[in-house]
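What follows is a single structure, written as structure tokens, with notes after it.
Derivation of every value follows stated rules applied to the coordinates shown; laboratory data play no part. What you see is a predicted model; the values in this text were computed from it and never measured. Glycine also receives a Cβ, built like all others from the backbone with ideal geometry; neighbour counts cover every protein chain displayed.
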Amino acid sequence: MTFPKDFLWGAATAAYQVEGAAFEDGRGPSIWDIFSHTPRKTLNGDDGDVACDHYHRYEEDLDWMEKLGLTAYRFSVSWSRVLPEGKRRVNEKGLDFYARLIDGLLNRGITPILTIYHWDLPQALQEKGGWANRDTTDRYAEYADLLFRRFGDLVPYWITHNEPWVASFMGHFTGEHAPGIQDLPTALTVAHHLLLSHSKAVEAFRTFHLPDGKIGITNVLTKGYPASDKDEDRQIALLFERLQNGWFLDPIFTGSYPLELIPILASYSDFSFIKEGDMEKINQPIDFLGINYYFRNIVRHAPEAQPLGFEILPPQGELTAMGWEVYPQGLLEVLKNVHSQYGSIPILITENGAAYDDLLTPDGRVEDRKRIQFLKSHLEKVDEAIAQGIPVIGYCVWSLMDNFEWAYGYSKRFGLLYIDYATLKRIPKESFYWYRELIAKTVTI
Ligand code: IFM
């Protein structure tokens, strides 16, 4: 594999999944604190109160990043740590934590990639309707503005939202994620407000004229494969992709939701949440697109299945501990599709990785060969994409360390670092050493 010299070699985490210190230094509660403390919402009732205790151990974690040879680190800010009520009152201690983290990265020559929102809405805003309330888009823009003011000249890469598809549909339609609402019309409203808030943050960002600052959004993308050669399966696989990928990309790049989906979704929503000027606002240029890729989907035409008339078939072949199919070719297809549909936007792979049931050997090693194979096979596809002229500027492994995997609690391990949750000790897995070698081979210092 041959990667460009300035390729960003990263690993990613998110605030609620790693920080812990949920009740310290003035942090306010978020929807994930409330959700994870509600009986039967997460496996074994796990919560993020302590998580990996990254809030206290960030210096050690920075040292691990340096040992790994990372040239970039993607993390998210906890909104309620810096604005405990979601607005107005700033918690300086919370901001100080991120200032120390960013300094630590820069001192080690690691490029910070900051995600503004990774699903942990302040509970105080949820009580006012959360993302279903249009006002939240203004509160979000104020929060983003605060971060730009404090860290704008230090952080070169900004991501407005992580996976708005998951935040809207798993948080408000299936209810598997916080705030646990199960209502399709609400999910559609939330999706729009997430996009609108993205555009308000981009607008605010541009007013700072940061010469080295770039802003984008991260979407989790998939490839829909038809279950058979039948025409109806081919068509429905495309429609499925339009929903999962197009719903969050078309508005940004073309200024419109996928029109073919509107008549189908019209029985669930009158789309009155779209106000005059919204689509033009959402359709403003971004500097890069963040893509998270995990697996493909095999889709079958099933007219009886509501709301869209498709069924996702059980995954085939080799699976990860999440039950997700290992399918690296899907990553290449996703990159090619984005490139051909939306033009030559720089792409940052903001997440890719796999959970496996890692075991710690008595002599303290984790032989996670399957993860190495997973990462290698996907990076080969990134390499192929670059060779085909697709501008991929970096790759972040999900995740730097094992962490709180949302509704699955601590049962799924995605990390390059194994976390012994009893002691919170960090133990590098074999994949850590493998990734370190790969980075070292392609980076000249
Ligand atoms: O852990 C999550 C992350 O928060 C968002 N993307 C997918 C990961 C694995 O499920």
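Here are the numbers:
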item	result
Unmet criterion (only one of (1) farther than 19 Å from residue 283 by Cα; (2) surrounded by 18 or more Cβ atoms within 10 Å (Cβ to Cβ); (3) touching a Ser or Thr at 6+ places or on another chain (Cβ under 8 Å)) for residue 201	(1)
Filtered residues of region 157-169 (kept if among the aliphatic types (A, V, I, L, M) and within 16 Å of residue 126 (Cα to Cα))	167
Residue 394 away from the ligand (no atom under 16 Å from the Cβ) and not aliphatic (A, V, I, L, M)	yes
Residue in region 275-296 that is more than 23 Å from residue 187 (Cα to Cα) and surrounded by fewer than 13 Cβ atoms within 10 Å (Cβ to Cβ) present	yes
Among the candidates 413, 436, residue that is away from the ligand (no atom under 16 Å from the Cβ) and either more than 26 Å from residue 215 (Cβ to Cβ) or not aliphatic (A, V, I, L, M) (or both)	436
Tally of residues being touching a residue at least 60 places away in the same chain (Cβ under 8 Å) and buried (at least 18 other Cβ atoms within 10 Å of the Cβ) across region 297-317	6
Unmet requirement for residue 109, which otherwise passes all of (1) closer than 30 Å to residue 439 by Cβ; (2) within 16 Å of the ligand (Cβ to nearest atom)	(2)
Residue check for residue 371: within 16 Å of the ligand (Cβ to nearest atom) and either part of a helix (DSSP H, G or I) or among the small types (Gly, Ala, Ser) (or both)	yes
Unmet requirement for residue 157, which otherwise passes all of (1) of a type in the set (Ser, Thr, Tyr); (2) buried (at least 24 other Cβ atoms within 10 Å of the Cβ); (3) more than 15 Å from the chain's Cα centre (by Cα)	(3)
Which listed residue is assigned to a loop (DSSP other than H, G, I, E, B) and more than 15 Å from the ligand (Cβ to nearest atom), from 316, 329	316
Among (1) more than 15 Å from the ligand (Cβ to nearest atom); (2) under 24 Å from residue 349 (Cβ atoms), the one test that residue 310 misses	(2)
